[in-house]
Amino acid sequence: MAAGKVAPLVRAGLIAGLVIAGLAYPLAALAGIGVKKGTEALQGLPDALKEVPTAQTTYVYAKDGHTLITAFYEENRRPTTIEEMSPYITQAIVASEDTRFYQHNGVDAKGVARAFVANQKAGGVSQGASTLTMQYVRMALRDGAKTPKEALEATEQTASRKLREMRLAVELEQQLSKSEILERYLNSAYFGHRAYGIYAASQVFFSKTPDELNLNEAALLAGLVKAPSAYDPASQDQGAAIGRRNYVIDQMAKMGSITPDRAATAKKEKIKLRLTSPPNDCVSISPEHNDWGFFCDYFKSWWLSQPAFGANAQEREESLRRGGYRVVTSIDPKIQASAMKHVLDKERKRSKFAHGEVLIEPRSGRILSMAVNRTYSLDQAGNGKHTKHRGARGNYPNTVNPLLGGGSMAGYQAGSTFKIFTMLAALDSGMPLRTSFYAPPRFVSKYITAPGPATCGIHWCPKNSTGSMTGRQTMWSGFGKSVNTYFVQLEQKVGAEKAVKMAERLGLRWRTEVDRTLATPSRARGWGAFTLGVSDVTPVEMANVFATLAAEGQYCEPLPVHSITNRDGTDAVYQGKPVAAPRCHRAVSVDVARAATDAARCVTGYGSARGSCGGWETSPMVYGTLKRPVAGKSGTTDSNKTAWFCGFTPQLAAAAFVADPDNPENHVGTSRGTISKFTVAETFKDALKGLPKAKFTPPSKDIAWGSKGSRGEKGSAGSRGEKGSAGSRGHQNSGGHKKSKSSHKKQHERSRD
C-alpha cells in the first residue's frame, strides 16, 4: 500500500472507533489501533506541559527601570495572566476556535464526528477537529522541543501526532482548569507579524495592552490565529480580515457572549489599526535614544561573555532572545543626555574624528553613560569618505563599530594617561611621592631600540615637550606637568614590567598582536615606551582605571547592568550571587590609591594635599570649570593623533578621547588638544549638580615623603600648556630579543603629553 494512503485510513479508522465508542470518552477506542508504543512514550508528559518554557522576550531598560532601551527576541512574547486580558478576547478565541470548549473534556466527540463526515464528503481533510486544548498541546510540544526532531513531531500531519494530542489533551484537562488552559493558549498562539501571545499581538496591532482590547479588536485578533497571513489586517486588501472578524463576532452572538444588536453594530465598524514595530536588538532603538545604541552594543557583548547564560556565545544569545529576562541597565538617561550634549558641542556627527566619553560609578563599576558623536546605524550609504582607503566610505556619521569599548575593537593609543600605571607601580613597590629625578630635556634611557627620531645610537631617548619641564621633579610635579623624562627614569627604577602588570591589574587587556607580544613577561621589561601610552586601550577601560582610584584602590569590573530578573521575577544568579551584582576586589592598597590621587590632583589645578605640584599643570580648566575636588590625567600622542582626558571625583570617573577610528595615523590637530578636558569637566558639573562636594582623603605621610623624608610645599596654579614626546612603541628589550615586523613598523611612534 502506498505510504500516502496510510494516514487517511488510520485517520478514518480512528474517527470511526471514536464514534463507535459512543463518543463519551474518545480515547477508549485507541487501545487496538496499533499505537501502543506511541502511547507509552507519552507517560508523564502532561506534567511537563503544564509549565512549558515558551520563548519570551527579554526587555532592556535604562537605570530608571521604566525607559525601554530595546528588546531581544526570536518570538515576540510576554506572558499575561487571564485577569489582565479583556473578557472580549477570551470570549472571542473560544467563539473562533472551539465553541464547545466549556463542554468537552479535551477532545470534542461531536466535533470529531462532524469533521469525519465533512472529510468523507470532501474526499480529504476539509475540516479539523482540534479543540483549544489540543491546539495548546501542539504548541506546548513545539515550544518545549529540545531538538529539531521533537519540533517536527509536534507539528507533522500524521495520525500518530493527532492521537498523541488527544491523549494529552484529555489528561491535561484533568490537571488544569479551563481558565488555566485558556490563559496558556492565549500566551502561546501566533497572531502574525512576529507576535506570539496576546500581549505582543495587542501591542503590535493596536499599541495596547490586552486588558484594553474592545470587541472589534478582540474579534480581529482571535480570527488571526487560524491563518495569520491570510487574514492579515495590515495588508492593502482588508476584505479577508473583515470577513474573518465578522465571522468571530457572529459566533460570539450565537454563544450568547454578546447580543445580536451589538454584533450587528460591531460588524459595521472599520478596522482601526495602530501598528507598532517592537524594537529588536540594538539597531532598532528608537530614534529618540539612538545614542544609546553604543551602550546597548556593549551590554550585548557583556551578556555574551557571561557563563551564567550558557556554555558558549551561541547559547548565551539564545538565552537573551528566548529567556524572558527583565534587565535594568546602568545607563543614566540624564547623565547620558548631558554627555551627548557636551560631546556634540565640540565635535559634530559628520566629523571624521570620533569624540566620545564614558562615565563609570566608582565602587560598583557601573557604566552610567557611553556617548560618542556618531549615529548607531547599519546604513552607511550617506557616510563621508574614508580617511585611509580611497573610494571607500568612512564610519561617520553612521556606524555600529564599538568605538567606546566591547566587541573586538582594540581602541586607541592613550598617550601620557599611561603614566598612571608607572606611578602606581612605583608607589606599590614602596617608593614615596617625593621620589625625585633630574628631568633633562632629553633622556638617554637604558632601553634598546631601532634607529628613529627618538633614538640616540642604539638607545631610546625620549624628550620633553617644553624647556620649562627641565629640572628636578617628584611624582607630584612630574605627573602634574606630564614630564616624560621624569617618568622614563621612574619606570627604569621600578621596572617597565611592573608598570605593564599594574595596567593588567587595573583591567587593561591587550588586543593587538604587537601589544600581546610586548606585554609578555620576557618582553615587558624592555617596553620603555609603555609609560608614554603607545598601547591601544578603550575608553571603558581607562574610565574604570580612574574609577578604581576614586574607590581608593577597589577595582570593580565594568558593569552595564543594575538588575537582571528571570521570567518568574527572581534574580538571575550564578554561583550563588546575582549576575548583576558588582564584582570587586582590591587592586592596590588604600594608601597607594590615595597617593596616586594626590599627584593626579596636580593635573587639574585643584592642587595636592601633601606636596608641591611644581607651579603649573597641564589641565587647569578642569578644576576651573568644575569648582570641586577633581583629579585626572591628560594624554596626547605624537603629532596629536589622539587627545585624551581621564578624570575623577570621589563620586564619578570618566574618560574622553578624540581620534580617527578609520585611520589612527590621522592627526586630530592641536586645536582639539583640550576638547576632552572640557567635555569631562562639563559633564561632571551637570552630573554632580546638587550633590555634596565630596573631598579626597590625603595619603599617609609615609607614602608621601617616605620614612626619612621632609615635607614639601603644596603647589599651585597657572598652566603653560601641554606637550611631550616619546619613543618607539615596539623597541627591542634590553635582553636583545628581536622585534616583530609590527613592532619595527611602530618604532618611530612617539607619545606626547
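The values are calculated or read from the model by the stated rules, or taken from the named source; none is laboratory data. What you see is a predicted model; the values in this text were computed from it and never measured. Every residue, glycine among them, receives a Cβ derived from its backbone with ideal geometry; neighbour counts consider all protein chains shown.
State all residues of the stretch 244-263 that are surrounded by fewer than 14 Cβ atoms within 10 Å (Cβ to Cβ) and either acidic (Asp, Glu) or not in a loop (DSSP other than H, G, I, E, B) (or both); if no residue qualifies, say none.
Of the stretch 244-263, the ones surrounded by fewer than 14 Cβ atoms within 10 Å (Cβ to Cβ) are 254, 256, 259-261.
Residues satisfying the conditions are Lys254, Pro260, Asp261.
Out of the stretch 656-679, which residues are outside any helix (DSSP H, G or I) and closer than 14 Å to His342 by Cβ?
Answer for the stretch 656-679, where residues must be outside any helix (DSSP H, G or I) and closer than 14 Å to His342 by Cβ: Ala656, Phe657, Val658, Thr674.
Inspect all residues belonging to the stretch 226-240 and state whether any of them is surrounded by 17 or more Cβ atoms within 10 Å (Cβ to Cβ), among the acidic types (Asp, Glu) and farther than 25 Å from Arg100 by Cα.
yes
Among the candidates Thr417, Thr422, single out the residue that is within 22 Å of Asp536 (Cβ to Cβ), touching a residue at least 24 places away in the same chain (Cβ under 8 Å) and touching a Cys at 6+ places or on another chain (Cβ under 9 Å).
None of the others qualify; the one that does is Thr417.
Among the numbered criteria (1) in a helix (DSSP H, G or I); (2) in contact with a strand residue (DSSP E or B) (Cβ under 6 Å, 6 or more places away or on another chain), which one does Gly647 miss?
Result: Gly647 passes all but (1).
Where the second residue is among the β-branched types (Val, Ile, Thr) and assigned to a loop (DSSP other than H, G, I, E, B) and the first is in contact (Cβ under 8 Å) with a residue 12 or more places away in the chain and lies in the stretch 400-412, which pairs have Cβ atoms under 6 Å and are six or more apart or on separate chains?
Gly405/Thr538; Ala410/Thr512; Gly411/Thr538; Tyr412/Thr642
Taking into account only those residues within the stretch 242-281 that are among the β-branched types (Val, Ile, Thr) and free of Cβ contacts under 8 Å to residues at least 24 places away in the same chain, which is nearest to Tyr298 (Cα to Cα)?
Once the filter is applied, the top-ranked residue is Thr265.
Considering each residue of the stretch 465-477, count those that are surrounded by 24 or more Cβ atoms within 10 Å (Cβ to Cβ) and touching a strand residue (DSSP E or B) at 6+ places or on another chain (Cβ under 7 Å), and give that number.
Total meeting the criteria: 2.
Looking only at the stretch 52-74, decide whether some residue is assigned to a loop (DSSP other than H, G, I, E, B), surrounded by fewer than 20 Cβ atoms within 10 Å (Cβ to Cβ), at pLDDT below 75 and out of contact with any Phe, Trp or Tyr (no Cβ under 6 Å at 6 or more places or on another chain).
Yes, some residue in the stretch 52-74 is assigned to a loop (DSSP other than H, G, I, E, B), surrounded by fewer than 20 Cβ atoms within 10 Å (Cβ to Cβ), at pLDDT below 75 and out of contact with any Phe, Trp or Tyr (no Cβ under 6 Å at 6 or more places or on another chain).
On the given criteria, is Ser429 modelled with pLDDT of 95 or more, surrounded by fewer than 17 Cβ atoms within 10 Å (Cβ to Cβ) and assigned by TED's automatic domain parsing to the domain that holds Pro620?
When the stated conditions are applied, Ser429 passes them.
A quick yes/no check of all residues on (1) assigned to a loop (DSSP other than H, G, I, E, B); (2) aromatic (Phe, Trp, Tyr); (3) out of contact with any strand residue (DSSP E or B) (no Cβ under 8 Å at 6 or more places or on another chain):
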| site | (1), (2), (3) |
| --- | --- |
| Glu180 | no, no, yes |
| Leu186 | no, no, yes |
| Tyr199 | no, yes, yes |
| Lys208 | yes, no, yes |
| Asp211 | no, no, yes |
| Glu217 | no, no, yes |
| Ala222 | no, no, yes |
| Ala234 | yes, no, yes |
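Of the residues that make up the stretch 351-361, is at least one surrounded by 19 or more Cβ atoms within 10 Å (Cβ to Cβ) and hydroxyl-bearing (Ser, Thr, Tyr)?
To start, the set of residues in the stretch 351-361 that are surrounded by 19 or more Cβ atoms within 10 Å (Cβ to Cβ) comprises 351-361.
Narrowing the set further to residues that are hydroxyl-bearing (Ser, Thr, Tyr) leaves 351.
Yes, that holds for at least one residue.
Here is a yes/no grid of residues against (1) among the hydroxyl-bearing types (Ser, Thr, Tyr); (2) within 27 Å of Val488 (Cβ to Cβ); (3) assigned to a loop (DSSP other than H, G, I, E, B); (4) modelled with pLDDT under 95:
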site	(1), (2), (3), (4)
Val622	no, yes, no, no
Gln651	no, no, yes, no
Ala681	no, no, no, no
Pro698	no, no, yes, no
Ser710	yes, yes, yes, yes
Gly715	no, yes, yes, yes
Gly727	no, yes, yes, yes
Ser734	yes, yes, yes, yes
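Kindly list the number of the only condition in (1) surrounded by fewer than 24 Cβ atoms within 10 Å (Cβ to Cβ); (2) in the same structural domain as Tyr486 (by TED's automatic domain parsing) that fails for Ser671.
Here Ser671 meets the rest and fails (2).
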